[in-house]
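The structure appears right after this line, and notes come after that.
The values are calculated or read from the model by the stated rules, or taken from the named source; none is laboratory data. Here the structure is a predicted model, which is why all the values come from computation and not from measurement. As a convention, Cβ positions derive from the backbone with ideal geometry for all residues, glycine included, and neighbour counts pool all protein chains shown.
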Amino acid sequence: MDRRAFLTASAGLLAGAVLRPGAQGWAQEAAAAPKRKPNVILILADDLGWAELGCQGGSDIPTPHIDSIARNGVRFTDGHVSCPLCSPTRAGLLTGRYQQRFGHEFNPGPATAADAEFGLPLSEATIADRFKSQGYKTGMFGKWHLGYKPEFHPLKRGFDEFYGFLGGAHDYRNVLSGKADPILRGTEPVKEIDYTTEAFAREAVAFIEKHAQEPFFVYLPFNAVHGPLQAPQKYLDRFTSIENVTRRTFAAMLSALDDAVGSVLAKLDELKLSDDTILLFLSDNGGPTPKTTSGNKPLHGFKAQMYEGGIRIPFMLQWKGHLPAGKVYESPVISLDILPTALAAAGVSIDPEWKLDGVNLLPYLNGEKPEKPHETLYWRMGDQHAVRHGQWKLVHAKGAANDELYDLTADLSEAHDCATAQPEKLKELQQLYNAWNAQLAEPRWKGAGEKRPARRRQRAK
């Protein structure tokens, strides 16, 4: 080693060392390198039913890459979203708060017909805002569905980069299919696209590679497997044994989604970032079974309903070396928990002024807290609502005259209404709902075919 190289190396060693007095004089001790903040990747499937993935019991559509998240992390069997529809779920997911608190209760309709008020209120900070304030690079790739106006654009809501569309659904292959809702790179429409599922994953992978040396937050909300049902021939060819055309196309779309997730996982492995990355996967609501075949069995109901088939979804979390691999967690959790959990993992203290409804799940998953994260969960969308309290669930279905009551421990399929047999338990849950409902804001716009909710429904005294 020449003299210059020796001096450079020595300076580096000294810069990374501290001198401590020991029993026999001064001892040199290497200073620990600053610990890297974990990356966070939040993957959201669209309209994916509870029973479709291999790790959820599905058997006809292989999903090895998504299943690996559960195999290497925690799978929640009692995981929920805060609404059985797309836009409200996203509002709750990205804020960690029940979206009814700020009036984001319904879907808006298409861009050409959306209410002038539609958009995630600017009073609400997003998970991207939170991470950006901590020095993270933030990128979003996929479906937004939280506002069409410039002030609601992802680049104004905490994201450094955006590639996707602003509405609730989009053609998978035709970039010109929705002139009022184009595929955008930032704020500029793109001129061509191959297949959105592949494109969104490709953009996310490029972002990860670009920011591999610094902490990043990636929000990857695919439009798969939402309609319209479309898939390239290479995916359809995997399922020639499925005769039903609708089911075959759905299978191809889910297989493409699994491959897309696999490309993200492969890039993390290639860059040796897997152990430094928190990975979350869930669906935005249950499957719309009659339209797409996306199955929710053995759950009752489907998308847009307050039964378990509408709100209980595939939900998993992987953080290698920090959470046990292959753990199955059975206590109720909700998508509102993702924001405080991810921020806590990054060392960010939750400010009580944020008034979050979600909780940090980490101490429950690593055994520090033996109790349940939530004793009670709530839902409201127009004249539908539900309350989950322990093993019991109250459901007020759309257009119903009476509340229903189910014991989910004994009756996960919600086949036996216990309202008549358990009047005191029904009354208890009605009172819980009344108290929560009284805290909520009026909806800022009305959903198609929806009534505004009774804010202070008082069935039980």
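Side notes on the structure shown:
So that you can scan it fast, the table gives a plain yes or no per residue for (1) within 20 Å of Tyr219 (Cβ to Cβ); (2) surrounded by fewer than 24 Cβ atoms within 10 Å (Cβ to Cβ); (3) touching a Leu at 6+ places or on another chain (Cβ under 9 Å):
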residue: Ser87; (1), (2), (3): yes, no, yes
residue: Asp115; (1), (2), (3): no, yes, no
residue: Gly147; (1), (2), (3): yes, no, yes
residue: His170; (1), (2), (3): yes, yes, no
residue: Val175; (1), (2), (3): no, yes, no
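- All of (1) surrounded by 15 or more Cβ atoms within 10 Å (Cβ to Cβ); (2) in contact (Cβ under 8 Å) with a residue 24 or more places away in the chain hold for Gly186 with one exception: (1).
- Any chance Asn285 is under 21 Å from the mean Cα position of the chain (by Cα) and either among the polar types (S, T, N, Q) or at pLDDT below 95 (or both): yes
- Filtering segment 371-385 to residues that are over 9 Å from Ser82 (Cβ atoms), touching a helix residue (DSSP H, G or I) at 6+ places or on another chain (Cβ under 6 Å) and crowded, with 23+ Cβ neighbours inside 10 Å leaves only Arg380.
- Positions within segment 351-406 being polar (S, T, N, Q), outside any strand (DSSP E or B) and closer than 21 Å to Asp417 by Cα, in sequence order: Gln391, Asn402
- For segment 196-208, the candidate set comprises residues that are out of contact with any Asp or Glu (no Cβ under 9 Å at 6 or more places or on another chain) and buried (at least 19 other Cβ atoms within 10 Å of the Cβ); within that set, the residue that is farthest from Gln230 (Cα to Cα) is Ile208.
- Options Leu236, Leu254, Leu265, Leu229; residue that is over 23 Å from Arg90 (Cα atoms) and within 26 Å of the chain's Cα centre (by Cα): Leu265
- Segment 151-171 - residue that is assigned to a loop (DSSP other than H, G, I, E, B) and in contact with a Pro (Cβ under 7 Å, 6 or more places away or on another chain) and, of those, nearest to Gln99 (Cα to Cα): Gly167
- Lone qualifier among Phe102, Phe106 - being farther than 27 Å from Val328 by Cα, in contact (Cβ under 8 Å) with a residue 12 or more places away in the chain, among the aromatic types (Phe, Trp, Tyr) and surrounded by fewer than 24 Cβ atoms within 10 Å (Cβ to Cβ): Phe102
- Sole residue being among the charged types (D, E, K, R) and within 24 Å of Leu343 (Cβ to Cβ), chosen from Lys191, Lys156, Lys179: Lys156
- Within segment 46-150, helices (runs of 4 or more DSSP H) holding 1 or more residues that are under 30 Å from Glu243 (Cβ atoms) and among the acidic types (Asp, Glu): 64-71
- Considering Glu198, Glu192, the condition of being of a type in the set (Asp, Glu), free of Cβ contacts under 8 Å to residues at least 40 places away in the same chain, more than 29 Å from Gly358 (Cα to Cα) and not in a strand (DSSP E or B) is satisfied by Glu192 alone.
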